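Input: a single structure, listed below in structure tokens.
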Amino acid sequence: MTELVEHGHLFIGGEWTDPLGTDTIEIVSPHTEQVIGSVPHASRADVDRAVAVARKAFDEGPWPRMSLDERIAVVTRIKDAIAVRHEEIARSISSQNGSPYSWSVLAQALGPMMVYDAAIQVARAYPYEEHRQGALGPILVRREPVGVVAAVIPWNVPQFVAAAKLAPALLTGSTVILKPSPESPLDSYILADMAREAGLPEGVLSILPADREVSEYLVGHPGIDKVAFTGSVAAGKRVMEVAARNLTRVTLELGGKSAAVILPDADLESTIAGIVPAAWMNNGQACVAQTRVLAPRSRYEEVAEALAAAAGALVVGDPLDPATQLGPLVARRQQQRSLDYIRIGQEEGAKVLAGGGRPAGLERGWYVEPTLFGDVDNSMRIAREEIFGPVVCLIPYGDEAEAVRVANDSEFGLSGSVWTGDVEHGIDFARQVRTGTFNVNTFSLDMLGPFGGYKNSGVGREFGPEGLSEYLEHKMIHLPAGYAAGA
């Protein structure tokens, strides 16, 4: 039985402090449906306190005024602490959101380490100042830290997304208020310990678990300079609406309905081996999941048989069992959402090729079988709406032009892939698909390049120099005629 984890304090400005409210958040295991922990629920007063200390730390404190090397040293210590505690982090997250432990070790713990490493590499090479010859004389262009950042993260990959926001914010000299999801706040306490031990100065980081109401208060707070949000499209639109009242800068990483396109010349064995983990990763609870698989009609039956067999072979069970490949969904509402979409797909005329309900022998826990629908038309709801569960659509297409049209026929544009025997042709195909990231004969996320979405998949970018820029203000300083830098 999982040991009950209870926390009574909030991490505000680097110190463990008593909450100003009395509400608590209970964390429930998606495997046992038992309470496994509790944390204080941050109140509006706690937000005011965290913003005040973050504001003071940015306006008056040492953090923005330290050298880049000094900030890198602190962030490196956070990254190194993850390496030491990666198994603890992985187990904590898997117990909260149902991620298979083997996947959690890589994506929930070692993945954040890669994020910090990449951000440090980018920060070292970034041009924070540059001299230019302007139209009216010499100019100096500076990039300066944006200020106080509200980072609102989801429950599916909490430490990975936290790192994606914390790394660039901290490295550029901003201060941060991190708002974890109420479904998975326990691992944020591990992060708080690591940040404190790493030597973050007073006020630089606060962590406030809370629900949507308090989150909305945070993103609408006049003391916030930038909001970095990852979550659903509906929540992202609300964040943008609330932040707009103060003209607060926002970056939004939202949903996806990405297409994995199998071209007629693809090697089926390696293609299926690549698509399956990309489609059902993290129990289907991933914004970049390849949940629409497009197969040429000439090979449709072959693809359907192979993909259904692979889905049916996935090991479903206890997320803390290293053999598990697909665990439970994070909450009963998410389980019901997937089951509802399975029913809707059948009503729309799609055919269940694998799965289609609760797994046998797992009556307790919020489990849904890895499900594959065949004979899906891209106009069906199961092909257009983000399910965020282990439900994948197989869509037949005629020629390649139709494949491009179907891949682009979505309100989302986050990720995608193409599988082909000709990589150069795959690159040409990738150029035609309107998504922020795309893969040719692989599925990965490189933290040295920009990540983000077209259309309803978001605003702005994370990772790479493009992501670092989101945490910087650009200033132009006009200089007198004839001035030469270094003269």
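Brief remarks on what is shown
- Qualifying residue in the stretch 242-256 (condition: closer than 25 Å to Arg381 by Cβ, free of Cβ contacts under 8 Å to residues at least 60 places away in the same chain, in the same structural domain as Glu144 (by TED's automatic domain parsing) and part of a helix (DSSP H, G or I)): no
- Subset of the stretch 315-371 (residues that are assigned to a helix (DSSP H, G or I) and either of a type in the set (Gly, Ala, Ser) or free of Cβ contacts under 8 Å to residues at least 12 places away in the same chain (or both)): Arg333, Gln336, Ser338, Asp340, Arg343, Gly345, Gln346, Glu347
- Selection status of Pro277, in a loop (DSSP other than H, G, I, E, B) and either touching a Leu at 6+ places or on another chain (Cβ under 8 Å) or surrounded by fewer than 19 Cβ atoms within 10 Å (Cβ to Cβ) (or both): no
- Filtering the stretch 179-218 to residues that are basic (Lys, Arg) and touching a helix residue (DSSP H, G or I) at 6+ places or on another chain (Cβ under 6 Å) leaves only Lys179.
- Among strands (runs of 3 or more DSSP E) entirely within the stretch 136-187, having at least 2 residues that are over 16 Å from the mean Cα position of the chain (by Cα) and farther than 21 Å from Ala57 by Cα singles out 138-145.
- Check on Gly389, surrounded by fewer than 24 Cβ atoms within 10 Å (Cβ to Cβ) and small (Gly, Ala, Ser): no
- Matching residues in the stretch 1-18 - criterion: being buried (at least 21 other Cβ atoms within 10 Å of the Cβ) and not in a strand (DSSP E or B): Gly13
- Selection within the stretch 303-359 - of a type in the set (S, T, N, Q) and over 24 Å from the mean Cα position of the chain (by Cα): Gln346
- Where helices (runs of 4 or more DSSP H) fall wholly inside the stretch 382-482, the ranges with 3 or more residues that are free of Cβ contacts under 8 Å to residues at least 60 places away in the same chain and over 23 Å from Leu106 (Cβ atoms) are 400-408, 423-430.
- The residues of the stretch 455-485 that are under 20 Å from Arg132 (Cα atoms) and small (Gly, Ala, Ser), listed by number, are Ser469, Ala481, Gly482, Ala484, Ala485.
- Of the residues making up the stretch 72-112, just one is more than 20 Å from Pro182 (Cβ to Cβ) and outside any helix (DSSP H, G or I), namely Pro100.
- Scan of the stretch 283-303 for residues that are surrounded by fewer than 21 Cβ atoms within 10 Å (Cβ to Cβ) and in contact (Cβ under 8 Å) with a residue 60 or more places away in the chain, ordered by number: Arg297, Tyr300
The values are calculated or read from the model by the stated rules, or taken from the named source; none is laboratory data. Owing to the predicted nature of the structure, the values given are computational and were not obtained by experimental measurement. Reconstructed Cβ throughout: ideal geometry from the backbone, glycine too, with neighbour counts over all protein chains shown.
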